[in-house]
Amino acid sequence: MPDAGKGFPMMGIGKRYTDRKRDALHRDMKQNAHQLYCWDTDKLDHLYHTEQGWENLYQVQRPHVLEGIAREIEYCVQQHPNPEHLKIVIASDHGQMIGEAEHLSNCPEGLELKGRMAIGKTDDPRFVVLEAERYGLPHDLSIVRGAACLNAFSYTEKKEIIGSHGGLFPEEVVVGVSVLCPFTARLSVQVTCQGEGNSGQSGEITLAIDNSNTVPLTQLCLYINELNDLKTGYPLNIKVPAGQKVLVEVPIANYPELPPNHEGNQLAITGELKFQFADVEAGTASLDPQSLLIVKQLFSSGLDIDDFL
C-alpha cells in the first residue's frame, strides 16, 4: 500500500495521524474512537536530513527528540478513558543506526544512486550485483560492498555521510518492533478473615478487604485452606471500590473441628484472595496472620464441657 493513510480505512480498525494531525489524535483518543491509532512522526527522521555535525546530532539532538516523542506518547495514553487497556507499539519504516560513514567517490556512470545501493548494473569490484531476472526484481541492483555509501541527505564538513538510509541497509530490511504496556505500581491489598461458630455446624465468617489502590478490585475469589468448602475457591460477587474498605459475610457449610490436644478455641487460618485490578491485571493477597476462627467444639459424646461444671 503506497499510501499508508488509505490502508487503515481498508482494514477498518484504525486511523493514521501525521504530526500536523495530533489534535485530531488527542480528540479521538479521548472519545475511544478506534481500536488502533497510528501516529506517523518524522521528527527523528528529520535529523538525518538536516544535521551536519555528528557529535551534536548524537549527543544533543537525538536524545532531545526522543525524549519529546516519549512525552508525546505518554500524553496520548493519558487522553484515553482506559489507558491501562492500551498497548504501545513502536516501530520505524527504517532503523535508527546512525553514524558517520565513508562517502564512496568515483561511482560508475549509468547508475541511479540510492544510499548504499544503486539501480543499474556494473562490473566495478566495489559492488555486488543482483540481476533482475535471476532474483525477480524490477531492476538490476548494484550494492556497495562494505560500509561505504553512495549518497545521502546530509554530509559532515569532512564530506562524510551522517545516517544514510535507503537501499539494502540492515535497518531497512529488518524492522525492529517494541511493544509497551502502561505500568501502574500497585499497593498491597490487606485481607483479614475472622469468624465464630460451633464445630460441625454451618455459619459465617467475616472477610475484611482494604483496597488502597486507585482502581477497583474485581473478579474476587477467596481460598481458605482450613475450610473444605473454600479450599477450591469461593467467588465473591462484589467489587471493592478504589480507596475503600469493605466487609463481606461468607457462608460456610461446616465449622472445622479443632485438632486433638489443641490448646484453646482459636484456630489460625491461611489462604489468599485472588482478584483483578479493574478487570485488567491479576492480583493476589494472602490472608493476614491475625486471621482466625473461634471454634466452639463438643466432645465426641455430644456434651459440652459446661455440662461437667
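Worth a mention:
So that you can scan it fast, the table gives a plain yes or no per residue for (1) exposed (fewer than 14 other Cβ atoms within 10 Å of the Cβ); (2) part of a strand (DSSP E or B); (3) in contact (Cβ under 8 Å) with a residue 12 or more places away in the chain:
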site: G243; (1), (2), (3): yes, no, yes
site: V246; (1), (2), (3): no, yes, yes
site: V250; (1), (2), (3): no, yes, yes
site: P259; (1), (2), (3): yes, no, no
site: G264; (1), (2), (3): yes, no, no
site: L267; (1), (2), (3): no, yes, yes
site: K274; (1), (2), (3): no, yes, yes
site: G283; (1), (2), (3): no, yes, yes
site: Q290; (1), (2), (3): yes, no, yes
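- Scanning segment 172-228 for residues that are of a type in the set (V, I, T) and part of a loop (DSSP other than H, G, I, E, B) gives V174, V175, V177, T184, V189, T214, V215.
- All conditions but one from (1) part of a helix (DSSP H, G or I); (2) within 30 Å of R16 (Cα to Cα); (3) without any contact (Cβ under 8 Å) to a residue 24 or more places away in the chain apply to V77; the one that does not is (3).
- Residue check, T218 in contact (Cβ under 8 Å) with a residue 40 or more places away in the chain and farther than 29 Å from G200 by Cβ: yes
- Identity of the residue in segment 19-35, loosely packed, with under 13 Cβ neighbours inside 10 Å and outside any helix (DSSP H, G or I), that ends up modelled with the lowest pLDDT: Q35
- Only listed residue being at pLDDT 85 or above and closer than 28 Å to A101 by Cα, chosen from E72, E67: E67
The values are calculated or read from the model by the stated rules, or taken from the named source; none is laboratory data. Nothing here was measured: the structure is a model prediction, and the numbers come from that model. Heads up, the Cβs are rebuilt from the backbone with ideal geometry, glycines too, and the neighbour counts pull from every protein chain shown.
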